[in-house]
Amino acid sequence: MQSTDFIVARDDLQQCKVIDTERPDAAALPNEALLVEVTRFAFTANNITYAALGDQLKYWQLFPAPAGYGNIPVWGFGEVIASKHPDIAVGETLFGYFPMATHLVIEAADVSKRGLRDGAAHRQGVAPVYNAYSRISGDPAFAGKQGYYQALLRPLFTLSFLVDDFLGENEFFGAKRVMLSSASSKTAYGLAYLIHGRGIKVIGLTSAGNVDFVKSLGCYDEVVTYDKVTSMPSDRPVAYVDMAGNSALREQLHRHFGEQMKYSGRVGLTHRSTSADEPVLPGAKPSWFFAPDQIRKRAKEWGPGGFNERFGAAWAGFVPNLDRWIIVTEGHGPAAVQNVYLDTLNGRVPPDQGHVLTL
Ligand SMILES: NC(=O)c1ccc[n+]([C@@H]2O[C@H](COP(=O)([O-])OP(=O)(O)OC[C@H]3O[C@@H](n4cnc5c(N)ncnc54)[C@H](OP(=O)(O)O)[C@@H]3O)[C@@H](O)[C@H]2O)c1
């Protein structure tokens, strides 16, 4: 019996391949371990960022691959096909962080009614969210199309929710306008959706080919292409949330807005054109938005369940829009996975597409 893994060369993400490995023997699983079949996973630019930061943020250590290669983590679903844990039955469905592979062995720890954690030694030292699995068997919120939306967007919308909360808490640093780069990305439009209606103008920055899509969403007050950013009025305070990670764009914006740039938060790297050596820029100092800090702060302030309750309400309001905003496409097998990977890596996926895959 074999397992299949999709792996990429760590030092050249254009190089990728599918490998077969021996499937772990169900009978030989250690106590409390589970053998899980990865049944579906989503793939977006966020997963490419995991690969781009694989060494720096330890993503490569989560799902080991042969030397020189990495297995990119993905959000999705798995079915337990063998269990050595007394409280977890074969047939259970889990939602969480999986490798691009057909199978994963999980060392089940901290098992509760709602979830569990992979306690494998090589998975420690990363944020707890990356080792947590939700037990979702029979939960309608994860069934069918709703499940695809969860895999495609829930992790991204969590970041959107946290940035919106952080900006709101800081009264948008005195700005009445917020610019979002890669406005067509799911993370950006989730944030635009949340900010829209707060009395703050949301400006989407995007490439010419994605203008129509961004305008069609209805959650941006204005859409500006990257080549026109210096045409925006620069005499009033503005905040910037950067999903693109484009150093040249950041420099252009900071020089244009000068001291009116009141906040400059870095979130993503969709353009993969970040210079290691950025100059000191006028206006607020660019800084990475670190989601776990905001989660920890709110968990303390909002008490047990407070975060989930607020996030759940925001998610419930957001999801109905997705029927208009996303066309989910399912792909099966190594060739489909490789095509979606390379298309995503090279910016060829139209923003209205949401890919859900199985190896
Ligand atoms: N820090 C965190 O905790 C955190 C959490 C969630 C997401 N993020 C980051 O937010 C970013 C957006 O992720 P997502 O999954 O929401 O993206 P997505 O929906 O897949 O975004 C697609 C958009 O990104 C831009 N893009 C993607 N690949 C490109 C390429 N190769 N060349 C040029 N542009 C490209 C294009 O937008 P434009 O034409 O509009 O530029 C494209 O329409 C990622 O970098 C992700 O890692 C960070």
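Add -39500 (n - 2.57) for each DSSP H run of 4 or more in the chain, then divide by its residues: what number comes out at 222 nm, to the nearest 500 deg cm²/dmol?
Working: 9 runs with 103 residues, N = 359.
When only DSSP H runs of four or more count, the value is -9000 deg cm²/dmol.
For each of Arg348, Arg23, count neighbouring Cβ atoms within 10 Å of the residue's Cβ, then give the residues from fewest to most.
Details: Arg348 11, Arg23 16.
Ascending number of Cβ neighbours within 10 Å: Arg348, Arg23.
Taking the longest Cα principal axis of the chain as reference, the axis of helix 291-302 is set at about 90 degrees. Amide H contacts under 5 Å for Met179: Ile203, Ala239, Tyr240, Val241, restricted to partners 5 or more places along the chain or on a different chain, H placed in the peptide plane at 1.01 Å from N.
What percent do you get for the relative contact order of the stretch 153-294 when only Cα pairs under 8 Å and 6+ apart count? Write out the running numbers ahead of the final one.
Working: 265 pairs, mean separation 32.0, N = 142.
Here the relative contact order equals 23 percent.
Once the chain is represented by equal point scatterers at the alpha-carbon sites, with solvent omitted, what log10 I(q)/I(0) does the Debye formula produce at q = 0.15 Å⁻¹? Summing over Cα pairs of the chain leads to -1.37.
Relative to the longest principal axis of the chain, what angle (0 to 90°, nearest 10) does the C-alpha long axis of helix 306-318 take? So the inclination is approximately 70 degrees. Using a ≥ b ≥ c from the Cα gyration tensor of the stretch 153-294 (square roots of the eigenvalues), is it rounded, prolate or oblate, where a/c under 1.5 gives rounded and otherwise the larger of a/b and b/c decides, a/b for prolate? The shape class here is rounded.
So what's the gap between the Cα centers of the stretch 56-70 and the stretch 288-304, to the nearest angstrom? Going from one Cα centre to the other spans 27 Å. The label-point distance for Gln61 and Thr39, in a model that sets each label 7 Å from Cα toward Cβ, rounds to 3.2 nm.
The distance linking the stretch 209-277 with the stretch 1-22 is 35 Å (Cα centroid to Cα centroid, whole angstrom). The long axis of helix 144-169 is offset from the longest Cα principal axis of the chain by roughly 40 degrees. Straight-distance candidates among the lysines for linking to Lys145, with alpha-carbon spacing under 25 Å and chain neighbours fewer than 8 residues away dropped: Lys113, Lys186, Lys215. Ranked by the mean number of other Cβ atoms within 10 Å per residue, highest first, peptides 328-338, 141-151 order as 141-151, 328-338. With a cut-off of 14 Å on the backbone N, the residues of the stretch 229-244 near the modelled label site 7 Å out from Arg255 along Cα-Cβ are 229-231. Taking a Cβ cut-off of under 13 Å around Met243, the surrounding Lys, Arg, Asp and Glu residues balance to a net charge of +3, with basic ones at +1 and acidic ones at -1.
For Arg177, the shell of other residues with beta-carbons less than 11 Å away shows a net charge of +2, using +1 for Lys and Arg and -1 for Asp and Glu.
Rule-based calculations on the coordinates, nothing more; no lab input. These numbers were taken from a predicted model, which means no experiment stands behind them. Here the Cβ is made from the backbone with ideal geometry for all residues, glycine too, and neighbour counts use every protein chain on show.
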